[in-house]
Amino acid sequence: MRLGINLGYWGLGMDADNTAVAQEADRLGYAVCWAAEAYGSDAATVLAYVAAKTERIDVGSAIFQIPARQPTMTAMTAATLDALSGGRFRLGLGVSGPQVSEGWYGVKFDKPLARTREYVEIIRQAMSRERVAHDGANWTLPLPGGPGKALKLTVQPVREHIPLYIAAIGPKNLELTGEIADGWLGIFFAPSRPSCRWSRCAPVGPSPGRPWTASTWPPMCRW
């Protein structure tokens, strides 16, 4: 088991404490420092700052909200953070909730599983530096009938593969996470009953080629 920390939001009077906690976790050999976002501080800016203030600890988004960014923008942000951190970035994604999705971002909270699947497909395509072409229910790239053309990421990511995690709660979302992600960010997780969540990921997640690895806090599993 490896340990991680989850920082509080920025701009609430705890910024110096957050920085000190991240630096102490780095000194002690913690595995990862996660940062969240809702409708205050954004996680990407916080993680860039923390990466500049630390040396070894990974920095991860827990989570980047799917309704907040176009998937190609998320791919750009992930590639940039991985470069700025020297290959220490972990990409955590989640659909957020209807209050934030519709109230803050103006994005309808419907079909979250299909939206997540498409989002991850586009990110994977962009991060592989393929020309991004996607025709789905939620995104069409490039738009037809106009001047747009299929583009590819102009920068070379530091790593060929940036670990991608999904924050999942419901049974179907857990199954999707096991199918398309590199790991799971658990919330409302009961350590006394881990099998009730992990068993949903297990049929398609872990395999001889993709075994379970360490859990961290917030509860995370990577395969």
Pair list, Cβ < 9 Å and 6+ apart or interchain, from segment 138-166 residues that are without any contact (Cβ under 8 Å) to a residue 60 or more places away in the chain to residues that are part of a loop (DSSP other than H, G, I, E, B) and aliphatic (A, V, I, L, M): PRO142/VAL132; PRO142/ALA133; PRO142/ALA150; PRO142/LEU151; ALA150/VAL132; ALA150/ALA133; LEU151/VAL132; LYS152/VAL132
So ILE5, is it within 24 Å of PRO157 (Cβ to Cβ) and of a type in the set (Val, Ile, Thr): no
THR80 touching a strand residue (DSSP E or B) at 6+ places or on another chain (Cβ under 8 Å), at pLDDT 95 or above and surrounded by fewer than 21 Cβ atoms within 10 Å (Cβ to Cβ): no
Test: residue in segment 156-167 that is in contact with a Pro (Cβ under 7 Å, 6 or more places away or on another chain) and either at pLDDT below 90 or not aliphatic (A, V, I, L, M) (or both): no
Lone qualifier among THR177, THR213 - being closer than 19 Å to LEU91 by Cα, part of a loop (DSSP other than H, G, I, E, B) and at pLDDT below 95: THR213
Test: ALA126 is surrounded by fewer than 20 Cβ atoms within 10 Å (Cβ to Cβ), closer than 25 Å to PRO67 by Cβ, touching a helix residue (DSSP H, G or I) at 6+ places or on another chain (Cβ under 8 Å) and modelled with pLDDT of 70 or more: no
Tabulated pairs, segment 112-125, first farther than 15 Å from THR72 by Cβ, second among the charged types (D, E, K, R), C-beta under 8 angstrom, 6+ apart or interchain: LEU113/LYS172
Scan of segment 102-118 for residues that are assigned to a helix (DSSP H, G or I) and either within 9 Å of PRO67 (Cβ to Cβ) or in contact with a helix residue (DSSP H, G or I) (Cβ under 8 Å, 6 or more places away or on another chain) (or both), ordered by number: GLU102, PRO112, LEU113, ARG115, THR116, ARG117, GLU118
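Residue-by-condition table, conditions (1) in contact (Cβ under 8 Å) with a residue 24 or more places away in the chain; (2) within 18 Å of TRP184 (Cα to Cα); (3) surrounded by 14 or more Cβ atoms within 10 Å (Cβ to Cβ):
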{"position": "LEU3", "(1), (2), (3)": "yes, yes, yes"}
{"position": "ALA22", "(1), (2), (3)": "yes, no, yes"}
{"position": "ALA25", "(1), (2), (3)": "yes, no, yes"}
{"position": "ALA52", "(1), (2), (3)": "yes, no, no"}
{"position": "GLY60", "(1), (2), (3)": "yes, yes, yes"}
{"position": "GLN65", "(1), (2), (3)": "yes, yes, yes"}
From LEU7, LEU47, residue being modelled with pLDDT under 95, crowded, with 18+ Cβ neighbours inside 10 Å and of a type in the set (A, V, I, L, M): LEU7
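Rundown of residues vs (1) out of contact with any Cys (no Cβ under 6 Å at 6 or more places or on another chain); (2) farther than 19 Å from GLY183 by Cα; (3) not in a helix (DSSP H, G or I), yes/no style:
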position	(1), (2), (3)
ALA38	yes, yes, yes
VAL46	yes, yes, no
TYR49	yes, yes, no
ALA52	yes, yes, no
PRO67	yes, yes, no
THR77	yes, yes, no
GLY87	yes, no, yes
LEU91	yes, no, yes
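The values are calculated or read from the model by the stated rules, or taken from the named source; none is laboratory data. Quick caveat, the model's predicted, so the values are computed rather than measured. For neighbour counting, all protein chains shown are included, and Cβ atoms are generated from backbone atoms with ideal geometry for every residue, glycine included.
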